[in-house]
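The structure appears below as structure tokens.
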Amino acid sequence: MKQRQLSTPVTIAIISLIFFAWGGMTSLNDVLIPHLKAVFAMNYAQTMLIQFTFFGAYFLMSLPSGAIVSRIGYKSSIVIGLLTAAVGAAMFYPAARLPSYAVFLAALFVLASGITLLQVAANPYISLLGNPATSHSRLNLAQALNSLGTTVFPFFIGPLILSGAVLGADQLAAMAPEAVAAYKTTQAQSVQVPYLLLAGGLLAMAALVLLLRIPSLREATDAGDTLHHHTYRETLQHSHLRWGVLAIFLYVGAEVSIGSFLINYMAQPDIGGLSEATASRYLVYYWGGAMVGRFIGAALMTVIDARKLLALFAVVAAALLATTMGTHGNIAMWSVLAIGLFNSIMFPTIFASAIEGMGPLTGKASSLLVMAIVGGALVPMLQGGLADRIGIQAAFAVPLACYAYIAWYGMRGSRVAEHLGQPAGAAIAHPRH
């Protein structure tokens, strides 16, 4: 006898839990950065290989992930994404046991590859469930839970990873070689239990999705224009999409760069003077602000054009960065943490603006936008190299420039031309998102 499928609300709850999990795992990179920097005695540029590897997977694996979804459907792709992420989390155990920075990076790449497949499969899947008229509400709920994950994971799991005292270069130099080796091994192994627990949780979610009768929606994966073959070159002829790809690149880069340096920044004596473990708890304000701002932004968009609100939020974020660069103490610390509140609406607003009016090209446009998440790999590397030369505080000039571009995109670059032959400066009116 064929088993009855689960109801749509139950299915939405299960998929929303996955959004929560991958948001949390992504934000843990901000905890790994100061931890592995101390374990392997690296400079900031070397440490930013963590974000380079993690977000580089988005660039390399987004198109293969799209091919997987097209071939086997949403449900099976979500299961494979969870299993892949679980393997990556489990790889932290041998990486810490060695310990080996190269194996840590390999584990991060596998973990991020699984999350990339989840991004490609779960976002459209949850929007296709239930009444099409409420698809935006369902996706906003899932994104809010994603932000909740980025908020609570560093708060509860971060102190476990940063449980030991982080010693400076002078302290390590004064220790015997055997003591230094023992210290680094102990520090590296503090990630084993948290990531093994994460691997177990991912396996449990994969089993849940696999065993329960949630809709596969495989029939919805080939809903494009089958009569014409569209190319990526044709897609990029739309200026608002082209500028939108760059805006996603710079936004993700700015958000990740700021988050990556927060713990080390707040630990500086003239900023917060906090221990790394204590500073990790303050990440809740950065990522939690993004969650709160998403609800506030959604309400504001009922009375303010989404693009103007995007530009306004980008200007405020740039002003907060300028404030933290020019001050010290609590003002410098809280001004940079407050940026999370204004990051909130940027990704979905840029994404929605960039795919507007794309019709049958929407699928290819979305793939290009997902690939642009590689900004989270490259921009932190740039800021890391700059921080090694002029310090973390002055290096915030990198994300400040990113927000300046996003402000321009909200005001000008996101305008949709009536047709491909229309000049880039011409535009038509846009509805609010």
Checklist outcome for this item: Projecting the Cα atoms of SER16, GLN46, ILE115 onto the charge dipole of the chain, where Lys and Arg contribute +1 and Asp and Glu -1 at Cβ, the residue farthest towards the positive end is SER16
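Could you calculate the contour length gain from LEU17 to THR185, that is, 0.36 nm times the residue separation minus the distance between their Cα atoms, to one decimal place in nm? If you can, show how the numbers build up before the last one.
Values: separation 168, 0.36 × 168 = 60.48 nm, distance 3.38 nm.
Full-extension gain reported as 57.1 nm.
Based on the Cβ-Cβ distance of PHE40 and ALA319, what FRET efficiency does E = 1/(1 + (r/R0)^6) give at R0 = 30 Å, to the nearest 0.05? Please report the intermediate quantities before stating the final value.
Details: r = 36 Å, r/R0 = 1.20.
With R0 = 30 Å, the Cβ-Cβ based efficiency is 0.25.
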Item to check | Centroid-to-centroid separation of segment 313-379 and segment 1-70 [C-alpha atoms, Å] | outcome: 18
Checklist entry - In a GNM of the chain with a 10 Å cut-off on Cα contacts, which of ALA247, ALA95, ALA372 has the highest mean-square fluctuation? => result ALA95
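For LEU60 and ALA394 in one chain, what is 0.36 nm times their gap in residues minus the Cα-Cα distance, to one decimal in nm? Numbers along the way, then the final one.
Numbers: separation 334, 0.36 × 334 = 120.24 nm, distance 3.14 nm.
Value of the extension gain: 117.1 nm.
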Checklist outcome for this item: With the 1.4 Å probe rolled over protein heavy atoms, segment 1-126 has an accessible area per residue in Å² of 35
Item to check | Angle between the chain longest axis and helix 135-156 axis [Cα atoms, degrees, rounded to 10] | outcome: 0
Checklist entry - Which cross-chain or sequence-distant (5 or more) residues have an amide H under 5 Å from the amide H of VAL416, H modelled 1.01 Å from N in plane? => result ILE428
Item to check | Acute angle (nearest 10 degrees) that the helix 239-267 long axis makes with the longest principal axis of the chain, alpha-carbon atoms | outcome: 20
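Roughly to the nearest percent, how much of the accessible area of the chain is carbon and sulfur, given a 1.4 Å probe? Please list the in-between numbers first.
Numbers: 12010 of 17960 Å².
Reported share for carbon and sulfur atoms: 67 percent.
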Item to check | Which labelled figure in [x] 163; [y] 225; [z] 137 is volume of the Cα convex hull per residue in Å³, once derived from the coordinates | outcome: [z]
Checklist entry - By how many degrees, 0 to 90 and rounded to 10, does the Cα axis of helix 192-211 deviate from the longest principal axis of the chain? => result 20
Checklist outcome for this item: Amide H contacts under 5 Å for LEU274, restricted to residues at least 5 apart in sequence or on another chain and with H modeled in the peptide plane, are ALA267, GLN268
Checklist entry - If you place +1 on the Cβ of every Lys and Arg and -1 on the Cβ of every Asp and Glu, how big does the dipole about the Cα centre of segment 234-356 come out, in debye to the nearest 20? => result 160
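The values are calculated or read from the model by the stated rules, or taken from the named source; none is laboratory data. All values derive from a computational prediction rather than experimental measurement. Using ideal geometry, Cβ is built from the backbone for each residue, glycine included, and neighbour counts are taken over all protein chains shown. Side chains included, ligands, DNA and RNA excluded: accessible areas come from the protein's heavy atoms. Shrake-Rupley method; radii C 1.70, N 1.55, O 1.52, S 1.80 Å.
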